[in-house]
Amino acid sequence: MDYDTIVLDIEGTITPITFVKDVLFPYVSQGLDAFLDRNWGSADLESYVELLREQAQKDIDSGMKEAVVIPKEGTPEEIKAAIKKNIAWQMAADRKIGALKAFQGLMWKDGYAAGELRGEIYDDVIPLLKQWKSSGKPMYIYSSGSVPAQKLIVGYSDKGDLTEYFSGYFDTAVGLKIEAASYEKIAQEIGKNPSKILFVSDNIKEIQAAKQAGYQVVISERPGNAPLGPESKEFKIITSFEQLSQ
Ligand SMILES: [Mg+2]
């Protein structure tokens, strides 16, 4: 394969697909009590709580009866209890709402910085990052997780700080990962011809979109990933980044 730039997906490609579900989400549910106690009274926490409060009010106003309101007045215990109930409700409903995402992001940032969380990166990825770097091939991340969350995973990884390898990060602000236009936009932004870019992902719809945009593509097949259907047969499939070694 003749490429000079690499765009990598995270989950299911360089990180186990279960990381978010088995590590990041439980960290929020299980660590919320301690987190609130530790940060109670800080202006930073209060601003994120305010976002949750405003969202809950919007939910109530739009007729969502099950929404959990967070009172402004009350004892710290009452307010904390409402926050916990609010977050538990939103997470159980798997809501992709800004206020919840922001709050989770705040907790993850705290957890990574405290050394309680570490991004999981497959062992076989590191030698290739080194190889690509030494041959002058810039590397980028494109993931549906937010750019700050991406930076935390690679910045506080179990293989150390990997941010030195990446020239840039893209999330769904550039467009959905299953749309060819998103890949065209990324190519434009990094100033490369799509035909010179290699995209690696576990998701066949993303692979097809990138291919449609003119990228070279490789499917990553990792333990726990969704099984690949027959439409994946026309693409190169790897089970380890070793197979990308040149
Ligand atoms: Mg993925």
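Out of everything in the stretch 182-210 that is farther than 22 Å from PHE166 by Cα and out of contact with any helix residue (DSSP H, G or I) (no Cβ under 6 Å at 6 or more places or on another chain), what residue ends up being surrounded by the most Cβ atoms within 10 Å (Cβ to Cβ)?
GLN208
Identify all residues within the stretch 88-112 that are in contact (Cβ under 8 Å) with a residue 24 or more places away in the chain and more than 19 Å from the chain's Cα centre (by Cα); write none if there are none.
Correct list: ALA88 only.
Under 6 Å by Cβ, and 6 or more places apart or on different chains, what pairs join a residue from the stretch 198-214 that is more than 11 Å from the ligand (Cβ to nearest atom) with one that is assigned to a helix (DSSP H, G or I) and of a type in the set (S, T, N, Q)?
GLY214/SER195
List every residue pair whose Cβ atoms sit under 8 Å apart, with the two residues 6 or more apart in sequence or on different chains, where the first one lies in the stretch 219-239 and is over 12 Å from ILE207 (Cβ atoms) and the second, anywhere, is of a type in the set (Phe, Trp, Tyr).
Going by the 8 Å Cβ cut-off, the qualifying pairs are ARG222/TYR122.
For ALA82, state whether it is at pLDDT below 95, more than 29 Å from ILE207 (Cα to Cα) and hydrophobic (A, V, I, L, M, F, W, C).
no
When LYS159 is evaluated against the numbered criteria (1) more than 19 Å from VAL23 (Cβ to Cβ); (2) surrounded by fewer than 18 Cβ atoms within 10 Å (Cβ to Cβ), which criterion, by number, is the only one it fails?
The one condition LYS159 does not meet is (1).
Here is a yes/no grid of residues against (1) without any contact (Cβ under 8 Å) to a residue 60 or more places away in the chain; (2) part of a helix (DSSP H, G or I); (3) surrounded by 12 or more Cβ atoms within 10 Å (Cβ to Cβ); (4) aromatic (Phe, Trp, Tyr):
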residue: SER47; (1), (2), (3), (4): yes, yes, no, no
residue: ALA56; (1), (2), (3), (4): yes, yes, yes, no
residue: ILE70; (1), (2), (3), (4): yes, no, yes, no
residue: GLU73; (1), (2), (3), (4): yes, no, no, no
residue: GLU77; (1), (2), (3), (4): yes, yes, no, no
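Just wondering, is there one or more residues in the stretch 113-128 that are within 13 Å of the ligand (Cβ to nearest atom), touching a residue at least 12 places away in the same chain (Cβ under 8 Å) and buried (at least 20 other Cβ atoms within 10 Å of the Cβ)?
Checking the stretch 113-128: not a single residue is within 13 Å of the ligand (Cβ to nearest atom), touching a residue at least 12 places away in the same chain (Cβ under 8 Å) and buried (at least 20 other Cβ atoms within 10 Å of the Cβ).
Output the number of the condition that GLU221 fails; it satisfies all remaining conditions of (1) buried (at least 18 other Cβ atoms within 10 Å of the Cβ); (2) more than 23 Å from LYS133 (Cα to Cα).
Every listed condition holds for GLU221 apart from (1).
Looking only at the stretch 1-39, count how many residues are more than 14 Å from the ligand (Cβ to nearest atom), surrounded by 13 or more Cβ atoms within 10 Å (Cβ to Cβ) and among the hydrophobic types (A, V, I, L, M, F, W, C).
Count: 8.
The values are calculated or read from the model by the stated rules, or taken from the named source; none is laboratory data. Everything numeric here is computed off the predicted structure, so don't read it as measured data. So basically every Cβ, Gly included, is an ideal-geometry build from the backbone, and we count neighbours across all protein chains shown.
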